[in-house]
Amino acid sequence: MMSSGFASLFGRVVTLRRLELISFVHSCVYAGLLICAFVLSNPEPETFVLGLTHGLMWIGMSIVCIAATRARVVPFWLAVCVAVLGGLGPFIGSLGFIYEFRRRRLAQSLTR
């Protein structure tokens, strides 16, 4: 279990909006990798750099999203989208962040 002090600090540093922005960057890197690999006939070292960047971003996003679930920053289903499906296509995680952000905004406007 995360201590409440750490979870509070973690929640101030790791926000839904920041994770969403990083997820969009990850999706752009992945799109660049797909373009290099399949459209531009696999140029090196570009494909290697984009592939390595995608892999490292996926690992980092997975770890942070799992911790963010424990700190109640993101819901469990969103962490699963990022951690499980993000290795194959981070677009699903980006769409999940958009959905969750809009869901929270709607819920907030309904409580006013």
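The values are calculated or read from the model by the stated rules, or taken from the named source; none is laboratory data. From a predicted model like this one, the values you see are computed outputs, not experimental measurements. For neighbour counting, all protein chains shown are included, and Cβ atoms are generated from backbone atoms with ideal geometry for every residue, glycine included.
What do you reckon, is LEU21 of a type outside the set (D, E, K, R), in a helix (DSSP H, G or I) and within 17 Å of TYR99 (Cα to Cα)? Criteria met by LEU21. Test ALA67 against the criterion of being among the small types (Gly, Ala, Ser), within 28 Å of GLY5 (Cβ to Cβ), part of a helix (DSSP H, G or I) and over 11 Å from the mean Cα position of the chain (by Cα), and give yes or no. Taking the combined requirement at face value, the residue satisfies it. Output the residues belonging to the stretch 70-88 that are loosely packed, with under 13 Cβ neighbours inside 10 Å and either in a helix (DSSP H, G or I) or small (Gly, Ala, Ser) (or both). Across the stretch 70-88, the qualifying residues are PHE76, TRP77, VAL84.
Applying the selection to the stretch 1-18, what residues are surrounded by 15 or more Cβ atoms within 10 Å (Cβ to Cβ) and either in a helix (DSSP H, G or I) or of a type outside the set (Val, Ile, Thr) (or both)?
As a first pass, look at the stretch 1-18 and keep what is surrounded by 15 or more Cβ atoms within 10 Å (Cβ to Cβ): 7, 10-11, 14, 16.
Selection gives ALA7, PHE10, GLY11, LEU16.
Here ASN42 fulfils each of the conditions (1) within 16 Å of the chain's Cα centre (by Cα); (2) outside any helix (DSSP H, G or I) apart from (1).
For THR53, are the conditions met, namely being surrounded by 14 or more Cβ atoms within 10 Å (Cβ to Cβ), free of Cβ contacts under 8 Å to residues at least 40 places away in the same chain, in contact with a His (Cβ under 9 Å, 6 or more places away or on another chain) and assigned to a helix (DSSP H, G or I)?
Details: surrounded by 14 or more Cβ atoms within 10 Å (Cβ to Cβ): yes; free of Cβ contacts under 8 Å to residues at least 40 places away in the same chain: yes; in contact with a His (Cβ under 9 Å, 6 or more places away or on another chain): yes; assigned to a helix (DSSP H, G or I): yes.
Considered against the rule, which asks whether it is surrounded by 14 or more Cβ atoms within 10 Å (Cβ to Cβ), free of Cβ contacts under 8 Å to residues at least 40 places away in the same chain, in contact with a His (Cβ under 9 Å, 6 or more places away or on another chain) and assigned to a helix (DSSP H, G or I), THR53 comes out as yes.
For VAL73, the conditions (1) of a type in the set (Val, Ile, Thr); (2) out of contact with any Gly (no Cβ under 9 Å at 6 or more places or on another chain); (3) in contact (Cβ under 8 Å) with a residue 40 or more places away in the chain all hold with the exception of (2). In the stretch 86-98, the residues that are β-branched (Val, Ile, Thr) reach residues that are buried (at least 16 other Cβ atoms within 10 Å of the Cβ) with C-beta atoms within less than 6 angstrom, at least six apart or across chains, in these pairs: ILE92/CYS81.
Could you tell me how many of the residues in the stretch 89-112 are closer than 20 Å to LEU56 by Cβ, small (Gly, Ala, Ser) and assigned to a helix (DSSP H, G or I)? Don't jump to the end; show me each part of the working.
First, the residues of the stretch 89-112 that are closer than 20 Å to LEU56 by Cβ: 89-94, 97.
Keeping just the survivors that are small (Gly, Ala, Ser) gives 89, 93-94.
Going one step further and asking which of them are assigned to a helix (DSSP H, G or I), we end up with 93-94.
So the answer is 2.
The one condition from (1) modelled with pLDDT of 95 or more; (2) touching a His at 6+ places or on another chain (Cβ under 7 Å) that PRO90 does not meet is (1).
When SER27 is tested against (1) under 17 Å from the mean Cα position of the chain (by Cα); (2) assigned to a loop (DSSP other than H, G, I, E, B), just one condition goes unmet, and that condition is (2).
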